[in-house]
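The values are calculated or read from the model by the stated rules, or taken from the named source; none is laboratory data. For clarity, every value in this text was computed on a predicted model and none was experimentally measured. Neighbour counts run over all protein chains shown; Cβ positions are idealised from the backbone, glycine included. In case anyone asks, the SASA skips ligands and DNA or RNA and just uses the protein heavy atoms, side chains included. Shrake-Rupley method; radii C 1.70, N 1.55, O 1.52, S 1.80 Å.
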Amino acid sequence: MMLIPCPHCGPRNETEFAYGGQAHVSHPEDPHALDDAAWARYLFYRENPKGLFAERWVHSAGCRRWFNAVRNTVTYEVQSVEPIGPRPPGGRPAESTTSEGGHA
Amino acid sequence: MAVPPPEHPDFLWRNPEPKSSYDVVIVGGGGHGLTTAYYLAAHHGITNVAVVERGWLAGGNMARNTAIIRSNYLWDESAAIYEQSLKLWEQLPEELDYDFLFSQRGVLNLAHTLGDVRESRRRVEANRLNGVDAEWLSPEEVQDVCPIINTGDDIRYPIMGATYQPRAGIAKHDHVAWALARRCDELGVDLIQNCEVTGFLKDGNRVVGVETTQGRIHAGKVGLAAAGHSSQVAEMAGVRLPIQSHPLQALVSELFEPVHPTVVMSNHVHVYVSQAHKGELVLGAGIDQYVGYGQRGGFHVIEDQMAAAVELFPMFGRAHVLRTWGGVVDTTLDASPIISKTPVDQLYVNCGWGTGGFKGTPASGMTFAHTIAHDEPHPLNVPFSLERFETGFLIDEHGAAGVAH
Ligand SMILES: Cc1cc2nc3c(=O)[nH]c(=O)nc-3n(C[C@H](O)[C@H](O)[C@H](O)COP(=O)(O)OP(=O)(O)OC[C@H]3O[C@@H](n4cnc5c(N)ncnc54)[C@H](O)[C@@H]3O)c2cc1C
Ligand SMILES: [Zn+2]
């Protein structure tokens, strides 16, 4: 059981939270401009790092607010949390983990 | 008493040094890597093959799973590949000359809500149309198959019926790996343990080898079967995969006399139980919700599954948890695997089996070997391509596979 520090309420048991996957995935500004490959990227492709991961959580059994966290996916340690916002948390740019593979 | 497992010789395969080059290198020495090598060697005559494994053979999910084998999936594409797999399971003990305790004791998939009942009955009809043995059972018939289950209405989610697949069952997963490893070795395949792939050699858009912790190995073709680590490995080759890796846990009790004659699974209350040949109760649950590579999950997941198990099987209330463990499962958004060519030439990927790839091991290897040997998918894995995420032809098996295994 992880102890997750909600930025609004403080540390609470993992069972109070629901997971929201990768943080900072924004809806494409002009969906019509995307081809099928780019749309697939948006819908189905997410970072899956072994190490630090910027991700979303919601404190469903508490303040019910979403927030961003940077968590280590091997040790499960939460390194930092911050309220929802446009900036990737922990100063780690979201792009830095994105490798542009040749998946056409 | 429960049946003791058969005795083994001390060594079942050589532990060779890697050669400088192979026709095919398979990355990952779990069940899928091993069956792929087996089918390449035995059915395609490609024996200059290495399986390179970061740790020890079957140290990943292969010997961590709860060993459930069934083929009662909803969609035509899945029913076809999983049923082929079940047919291969039925012949593999003889083909590999190894009794790995494949036991067709049937599986009950319980229904606890009206929604479950509708989904289950629909799946039974779909299964029958696809030649998969399937029946819908009333609670009384469930009790006939599994007398120790509580079909009363004194529990939170009473049993409203179940689907039953009599040909489903379990096998002893570590012995399956050893059976495959021994035969691969006899056919000339090099099984190389403690050999982690750390990079890829490329010539333009074509893969020509791998960098490993035991040096550079050239390869005509490379097949990835790295399960929970598939996205890390593929990324080193410049290929992104639509995979999220999650912890998945299981546990066993102490040994008991045989009391549980079949396999029981419940998606709704998130538990599945069988009794292994040795006598321990084997229980598993759903994945932990977050991305995780720690090979461990939260204890509350185990508490939940135990609560469900004890409601369904009151007599298990006095059993003890002997051991719990976790694996890293590679999930896709449609709960179906990817067995596919990739955008890189001569590089192939087999992943996304998530929580349910043990049962698929034979067909996975068969179709992946075909894909590698012919540079074209086998008809059974055409639908399981990477492209489906772009074309939208997803194979949504969340009903039959999402929680279950
Ligand atoms: C707790 C649990 C219960 C399960 N229950 C069931 C069940 O009842 N029925 C069912 O059908 N399925 C079940 N599964 C799923 C099933 O175990 C997997 O889908 C299947 O084992 C995956 O294929 P594999 O055997 O090849 O994987 P693995 O055995 O994990 O093999 C992948 C191998 O790749 C290696 N590897 C990774 N990176 C590298 C690298 N860079 N270089 C070299 N090697 C590398 C790993 O070390 C590993 O040995 C369960 C899984 C778990 C964890
Ligand atoms: Zn809160």
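The table below lists the values:
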quantity: For region B:167-319: accessible area per residue (Å², 1.4 Å); calculated: 33 Å²
quantity: Share of alpha-carbon pairs per 10 Å distance bin for region B:179-316, given as whole %; calculated: 10, 26, 24, 22, 14, 3, 0
quantity: Shielded by partner chains, region B:329-347 residues - at least 20 Å² of accessible area, 1.4 Å probe, vs chain alone; calculated: B:LEU333, B:PRO343
quantity: Cβ-defined net charge surrounding B:PRO314, 15 Å radius [Lys, Arg +1; Asp, Glu -1]; calculated: -1
quantity: Long-range HN-HN contacts of A:CYS6 with modeled amide H, under 5 Å; calculated: A:ARG12
quantity: Positions from region A:67-81 whose accessible area shrinks by 50 Å² or more when the full protein complex is built, not the chain alone, probe 1.4 Å; calculated: A:TYR76
quantity: Rg to Rh, two decimals, where region B:131-194 supplies the alpha carbon set and Rh follows Kirkwood; calculated: 1.30
quantity: Cα gyration tensor shape of region B:98-170, rounded if a/c is under 1.5, else prolate or oblate by comparing a/b with b/c; calculated: oblate
quantity: Interface A:B - total buried accessible surface [probe 1.4 Å, Å², rounded to 100]; calculated: 2800 Å²
quantity: Charge tally in the Cβ shell below 14 Å around B:THR212, where Lys, Arg are +1 and Asp, Glu are -1, B:THR212 excluded; calculated: -2
quantity: Under the Debye formula (equal points on every Cα, no solvent term), log10 I(q)/I(0) of region B:256-368 at q = 0.12, 0.18 Å⁻¹; calculated: -0.55, -1.03
quantity: Cα-centre dipole for region B:17-163 with unit charges at Cβ (Lys and Arg positive, Asp and Glu negative), debye to 20; calculated: 460 debye
quantity: Over region B:1-114, equivalent-ellipsoid semi-axes from the Cα gyration tensor in Å; calculated: 30, 20, 15
quantity: Computed Rg/Rh of region B:84-223, alpha carbon atoms with Kirkwood Rh; calculated: 1.19
quantity: Nearby aspartates and glutamates by direct alpha-carbon distance to B:LYS87 (threshold 13 angstrom, same-chain neighbours under 8 apart not counted); calculated: B:GLU95, B:ASP133
quantity: Relative contact order (%) - criterion: Cα under 8 Å, at least six apart; region: chain B; calculated: 23 percent
quantity: Euclidean distance between Cα centres, region A:33-49 to region B:277-331, Å; calculated: 34 Å
quantity: Globularity ratio of chain B, using Cα Rg and 2.2 N^0.38 Å; calculated: 0.96
quantity: Interchain or long-range residues, amide H under 5 Å from B:LEU201's placed H; calculated: B:VAL208, B:GLY209, B:VAL210, B:GLU211
quantity: Rotationally averaged projected area of the protein assembly as shown (alpha carbon convex hull; nm²); calculated: 23.9 nm²
quantity: Per-residue ³J(HN,Hα) for region A:31-39, Karplus 6.51 cos²θ - 1.76 cosθ + 1.60, θ = phi - 60°, Hz, x for Gly and Pro; calculated: x, 5, 7, 8, 7, 4, 5, 5, 5
quantity: Extreme residue, positive dipole direction of region B:130-241, given options B:ILE149, B:HIS173, B:PHE200 (C-beta unit charges); calculated: B:PHE200
quantity: Residues of type aspartates and glutamates that B:LYS19 reaches as a straight line, Cα spacing below 16 Å, ignoring anything fewer than 8 places off in the same chain; calculated: B:GLU53, B:ASP185, B:ASP190, B:GLU196, B:GLU211
quantity: Residue-normalised accessible area of region B:23-160, given per residue in Å² at a 1.4 Å probe; calculated: 39 Å²
quantity: Chain-alone versus full-assembly comparison, region B:258-300, residues with accessible loss of at least 40 Å² (1.4 Å probe); calculated: B:GLN289, B:TYR290, B:VAL291, B:TYR293, B:ARG296, B:HIS300
quantity: Other-chain or far-sequence residues with amide H under 5 Å of A:GLY21's (modelled H); calculated: A:ARG56
quantity: Which listed pairs, of A:LYS50/B:LYS202; B:LYS221/B:LYS341; A:LYS50/B:LYS359, have C-alpha distances above 21 Å, in listed order; calculated: A:LYS50/B:LYS202; A:LYS50/B:LYS359
quantity: Cα-based convex hull volume of region B:1-62 per residue, rounded to whole Å³; calculated: 128 Å³
quantity: J(HN,Hα) series, region B:96-105, from Karplus relation 6.51 cos²θ - 1.76 cosθ + 1.60, nearest Hz, glycine and proline x; calculated: 8, 6, 8, 8, 9, 6, 6, 10, 7, 9
quantity: For A:ILE4, net neighbour charge (Lys/Arg +1, Asp/Glu -1) across residues whose Cβ lies under 14 Å away; calculated: -2
quantity: Within the accessible area of the protein assembly as shown (1.4 Å probe), percent carbon and sulfur; calculated: 52 percent
quantity: Contact order normalised by residue count of region B:164-238, Cα under 8 Å, 6+ apart, percent; calculated: 19 percent
quantity: Simple spin-label estimate for A:TRP39 and B:ASP97 in nanometres, 7 Å along Cα-Cβ; calculated: 5.5 nm
quantity: Cα gyration tensor, region A:22-86 - rounded (a/c under 1.5), prolate or oblate; calculated: oblate
